[in-house]
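Enquirer: Before I ask anything, let me first share the structure, which is written out below as structure tokens.
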Amino acid sequence: MTVTLFAQVAAGGLLMGLIYALVAAGLSLIFGLMDVVNFAHGEMLMVAMYAAFVLWHATGIDPLLLIPVVALLLFGAGMAIYRLLIQRALSVTFNRGMVQIFVTFGLAILIRGAAQFVFSGEFKSINASWLNGKRLDLAGVFLPAPQLAAALVCLIAFALLLAVSRTEFGRALEATREDRDAVGLIGIDRDRIFALGWGLGTATVGVAGVMLASFYYVSPNVGANFALIAYVTVALGGFGSLLGALVAGLLIGETEALTALFVDPSLKQVGVFAIYMLVLMFRPRGLFGTL
Amino acid sequence: MHPADTGIVRRRRRELLVAAVVLVVLAVLPLPIHDTYTRNLIIITILFAGLAQAWNILGGYCGQISLGHALYFGVGAYVSALLLTRLNVPPGLGMLAGGAVAAAAALLVGWPCFRLSGHYYAIATVVVGEIGFLLFLNWDFVGGDAGINIPYVRGLGESWLYMQFRTDKLPYHVFALGFAAVTWLAAWLIEGSRWGFVWRAVKDDPLAARSLAVRVFPSKMAAAAISGFLTGMGGAIYAQYVGYIDPDSVMSGQLSILIPLPAVLGGVGTLWGPLVGAVVLIPLSEVSRSYLGGSGSGVDLMIYGGLIVLVALLRPQGLSSLLPSFGKARDARAT
């Protein structure tokens, strides 16, 4: 094996890892805020990919420019899901943990069915982006432009999420996370913060979805695989930790790429899961988790 | 006997009586029905009622939300099928071996995972299930992605020990019903035993339970072993019934959700929840799939998903709370 091949694979793992990290960041944000795992997270990714596809198909605008539009759409969708379903699920007095899991799981099936109904099961892809076919040559290591752009956008989105956490709203988020009942006393509307948190979490996965759609096929079931990775990423990094999601995402991207290279491509996820189980043996709350 | 106990004792005896009636009704149910589709539907419904009850023992009574039960189901199915194809062990016995190996798997999974709590545990079980799926998919000894065909043993004819029936599917109804009855009885025994109380304490507040000298970890392991054993037996019965298994049909992540779903919608941690949930859910999903899903339009998925959301939100304590005599209302009045 040559050094170039190794570098090529490692670079691919890094780029994919950043996308995993951003998908996981949205999930982690919602969990950290209100202790709810969104089992429809992968479907949100799928919705964002379809939104990018439809908008591109209808207008011909490059997917890169569609990022704000799709993010805004997903922000609205996240808020609607909170207001219509999650708010109710949180107010349940009996069996709350299980109700949350199965409400979001039922929602996932519903969205998948709707996608199948509207778009049928066939694979779609966006193949006319400005990025398509371009690539960067770094001393023999080729980085395809769509993946590279996706990774850069993910980094920017992470920086934005960090910036948001420093604003007044970010502090309100943090306060609500600390004590969801006490914040009412200082004039913070808990449900509004939760709804905005859901909006922000799904908008984050929306950004990842647009970038993914520029080089990955879209189908009603595309979310399932990414969601599984996202759950592992979040649990590995620690629920609620943004830094944890980033580190774990990169770790998983690399593990997946290197397992595929050194062991067997069909076992790449087993490598990821093995790392995860190993870390959880020593750190049951993940690498950076405090919750 | 302490006067406060008599109410409980009487209620438990009544539950046993109701169960006997339900068993008889379910036993004769397929006799007047000769259409294969409906008979199959009844068998699958009863099988899933049993599987959901097996899950309920760990997830409901002990409060450990496992989303990886397809692993135990698949292990049970594979062990009995492999014992038959490689060593010619009759599935009637292989079923018990399958259950035992599944119980061992549950203990092996529980050892690292029961240190985790809440969502960390749930996600760890998803991952363990997925690891099992991927390993079986890539393991040639167990047939890889081609799976295993359960052979027809020649010169044997109809055999209960080999669970082999060529002309009639009705005996499988007996197996499914017997399986469901065993799981129900296990849950009933647990409810009345010291274990049942200890497990509920572990479920409600592990820290408080620990301070009362409840051994939390061994309790979870015991619940996992029983739940795993029963789920594995269910897998073995399923394998004989359908005659062909592969990782997709007996180990998929989808199945890990389908197993607890009837218990969750019917009523978690209740005796009748899994059966009620299965009776509502399985026919609905099967019928909507065969009438609406054939074209791949997704309408069946939308109905199914919507129903799960609605029931979970409107009846968080489960559909079985709508039944007149087994709900919590009577208990509340009694105390």
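Coordinate-derived values only; no laboratory data. What you see is a predicted model, and the numbers here were worked out from it, not measured in a lab. Cβ sites come from the backbone with ideal geometry, for glycine too, and all protein chains shown count toward neighbours.
Enquirer: For a Förster distance of 51 Å, can you work out the FRET efficiency between the beta-carbons of B:Gln254 and A:Thr59, rounded to the nearest 0.05? Display every interim value, and only then the final one.
Expert: Values: r = 36 Å, r/R0 = 0.71.
Once the sixth-power term is evaluated, E becomes 0.90.
Enquirer: Using the crude model of +1 on Lys and Arg Cβ and -1 on Asp and Glu Cβ, and no other charge, please compute the dipole size for chain B relative to its Cα centre, in debye to 20.
Expert: Details: 22 positive and 16 negative charges, 235 e Å.
Here chain B has a charge dipole of around 1120 debye.
Enquirer: Between B:Ile44, B:Gly318, A:Gly42, whose Cα lies farthest towards the positive end of the dipole of the protein assembly as shown when Lys and Arg beta carbons carry +1 and Asp and Glu beta carbons carry -1, centred on the Cα centre?
Expert: Positive-end residue among those listed: B:Gly318.
Enquirer: Separate question: Relative contact order (percent) for the stretch A:28-176, with alpha-carbon contacts under 8 angstrom and 6 or more residues of separation?
Expert: Numbers: 83 pairs, mean separation 36.0, N = 149.
For the stretch A:28-176, the relative contact order is 24 percent.
Enquirer: Just want to confirm a number: the relative contact order over the stretch A:3-282, from Cα pairs under 8 angstrom separated by 6+ residues, in percent. Spell out each step's value before the answer.
Expert: Numbers: 423 pairs, mean separation 115.8, N = 280.
It rounds to 41 percent for the stretch A:3-282.
Enquirer: Within the P(r) computed for the stretch A:3-282, what percentage of the Cα pairs occupies the region above 29 Å?
Expert: Details: 12706 of 39060 pairs.
That tail contains 33 percent of the Cα-Cα pairs.
Enquirer: Moving on. Arranged by the count of other C-beta atoms within 10 angstrom, fewest first, what order do A:Trp130, B:Trp272 take? Write down the numbers at each step before the final one.
Expert: Values: A:Trp130 14, B:Trp272 25.
If I rank by nearby Cβ atoms, fewest first, I get A:Trp130, B:Trp272.
Enquirer: On to the next question. Starting from the Cα gyration tensor of the stretch B:162-223, take the square roots of the eigenvalues, sort them a ≥ b ≥ c, and report rounded, prolate or oblate (rounded when a/c is under 1.5, otherwise prolate if a/b is larger than b/c, else oblate). Mind dumping the intermediate values first?
Expert: Numbers: a/c = 5.19, a/b = 3.63, b/c = 1.43.
Prolate is the answer for the stretch B:162-223, as a/c is 1.5 or above and a/b outweighs b/c.
Enquirer: 7 Å from Cα along Cα→Cβ at both B:Leu170 and B:Ser297: what's the point-to-point distance in nm?
Expert: 3.8
Enquirer: Amide H to amide H, which residues 5 or more places from B:Gln164 or on other chains are under 5 Å from it, using H placed in the peptide plane?
Expert: Under 5 Å from the amide H of B:Gln164 lie the amide H atoms of B:Ser159, each far enough along the sequence or on another chain.
Enquirer: In whole angstrom, how far apart do the alpha carbon centroids of the stretch A:1-42 and the stretch B:47-120 sit?
Expert: Using only Cα atoms, the two centres lie 31 Å from each other.
Enquirer: Got a sec? Charge dipole of the stretch B:33-253, +1 on Cβ for Lys and Arg, -1 for Asp and Glu; which of B:Pro218, B:Asn56, B:Ser249 is way out at the positive end?
Expert: Selected residue: B:Pro218.
Enquirer: Shape call for the protein assembly as shown from the C-alpha gyration tensor, a ≥ b ≥ c root eigenvalues: rounded (a/c under 1.5), prolate (a/b greater than b/c) or oblate?
Expert: Values: a/c = 1.78, a/b = 1.39, b/c = 1.28.
Note, shape of the protein assembly as shown comes out prolate.
Enquirer: Further, regarding this structure: Where Lys and Arg each count +1 and Asp and Glu each count -1, what net charge lies around B:Gly143 among other residues with Cβ under 14 Å from its Cβ?
Expert: Once all neighbours under 14 Å are counted, the net charge is -3.
Enquirer: May I pose another question? Could you give the nm distance between label points at B:Phe217 and A:Trp130, where each point is 7 Å from its Cα heading toward the beta carbon?
Expert: It is 5.8 nm.
Enquirer: If you don't mind, another one. Helix by helix, which DSSP H runs in chain A go 24 Å or more along their axis at the Cα atoms and have an average Kyte-Doolittle hydropathy of 0.5 or more?
Expert: A:3-34, A:41-59, A:63-81, A:96-119, A:145-164, A:190-213, A:242-262
Enquirer: Which Cα, out of A:Ala25, A:Ala80, A:Gly197, lies furthest along the positive dipole direction of the stretch A:3-282 (beta carbon charges, K/R +1, D/E -1)?
Expert: My answer, from the dipole projection, is A:Ala80.
Enquirer: For the stretch B:183-335, what does the alpha-carbon gyration tensor say about shape, rounded, prolate or oblate, given a ≥ b ≥ c as the root eigenvalues, a/c under 1.5 as rounded, and a/b over b/c as prolate? Don't skip to the end; give the middle numbers.
Expert: Numbers: a/c = 2.23, a/b = 1.44, b/c = 1.54.
It comes out oblate by the Cα gyration axes.
Enquirer: Just to confirm the number: angle between the C-alpha axis of helix B:299-314 and the first principal axis of chain B, 0 to 90 degrees, nearest 10?
Expert: For B:299-314 against chain B, the angle is about 20 degrees.
Enquirer: What do you get for the angle between helix B:3-28 and the principal long axis of chain B? Use alpha-carbon atoms, 0 to 90 degrees, nearest ten.
Expert: Roughly 20 degrees between the two axes.
Enquirer: Can you give the average number of partner chain beta-carbon atoms within 10 Å of each beta-carbon in peptide B:130-140, as a whole number? Display every interim value, and only then the final one.
Expert: Details: counts 6, 7, 0, 2, 6, 2, 0, 3, 4, 0, 0.
Partner-chain Cβ atoms within 10 Å, mean over residues of B:130-140: 3.
Enquirer: On to the next question. What residues have an amide H closer than 5 Å to that of A:Val218, excluding those fewer than 5 places away on the same chain, when H is modeled at 1.01 Å from N in the peptide plane?
Expert: When sequence neighbours closer than 5 places are left aside, the close amide H contacts are A:Lys124, A:Ser125.
Enquirer: Taking the Cα centre of the stretch A:3-282 as the origin, how large is its charge dipole in debye, to the nearest 20, when only Lys and Arg (+1) and Asp and Glu (-1) carry charge on their Cβ atoms? Could the numbers behind the result be given before it?
Expert: Working: 14 positive and 15 negative charges, 59 e Å.
About 280 debye.
Enquirer: Let me ask something else about it. Determine, for B:Arg11, A:Arg177, the number of other Cβ atoms within 10 Å of each Cβ, and report the residues in order from fewest to most.
Expert: Working: B:Arg11 15, A:Arg177 18.
Lowest count first: B:Arg11, A:Arg177.
Enquirer: Additional query: Under 5 Å between amide hydrogens, which residues at least 5 positions from A:Leu131 or on another chain qualify, with H placed 1.01 Å from N in the peptide plane?
Expert: Amide H to amide H, under 5 Å and 5 or more residues apart or across chains, A:Leu131 pairs with nothing.
Enquirer: Would you tell me the mean number of C-beta atoms belonging to other protein chains that fall within 10 Å of each C-beta in A:228-234, as a whole number? Don't jump to the answer; show the numbers that get you there.
Expert: Details: counts 5, 0, 0, 7, 5, 0, 3.
Partner-chain Cβ atoms within 10 Å, mean over residues of A:228-234: 3.
Enquirer: With a cut-off of 8 Å between alpha carbons and a minimum separation of six or more residues, what is the relative contact order of the stretch B:33-253 in percent?
Expert: On the way: 351 pairs, mean separation 95.1, N = 221.
Rounded, it is 43 percent for the stretch B:33-253.
Enquirer: For B:Arg11 paired with B:Thr38, estimate the spin-label separation in nm (one decimal), with each label point 7 Å from Cα along the Cα-to-Cβ line.
Expert: 3.7
Enquirer: Roughly how big is the stretch A:129-209's charge dipole about its Cα centre, with Cβ charges of +1 (Lys, Arg) and -1 (Asp, Glu), in debye to the nearest 20?
Expert: Working: 8 positive and 8 negative charges, 64 e Å.
In debye, rounded to 20, the stretch A:129-209 gives about 300.
Enquirer: If you don't mind, another one. Can you give the mean number of other chain Cβ atoms that lie within 10 Å of the Cβ atoms in peptide A:85-95? Intermediate results must be reported in sequence, preceding the final value.
Expert: Values: counts 3, 1, 0, 5, 4, 0, 2, 5, 2, 8, 10.
For peptide A:85-95, the averaged partner shielding equals 4.
Enquirer: Would you list the P(r) distribution for the stretch A:202-243, with all Cα-Cα distances sorted into 5 Å bins from 0 and each bin expressed as a whole %?
Expert: Spelled out per bin, shortest first, that is 5, 19, 25, 29, 14, 9, 0.
Enquirer: Continuing with the same structure: Tell me, B:Thr85, A:Thr59 in order of fewest to most beta-carbon neighbours within 10 Å?
Expert: Numbers: B:Thr85 14, A:Thr59 11.
Ascending Cβ contact count within 10 Å gives the list A:Thr59, B:Thr85.
Enquirer: Once the Cβ-Cβ distance between B:Leu23 and B:Arg289 is put in as r, and R0 is 25 Å, what FRET efficiency do you end up with, to the nearest 0.05? Before the final figure, lay out the partial values.
Expert: Values: r = 28 Å, r/R0 = 1.13.
Once rounded, the FRET efficiency stands at 0.30.
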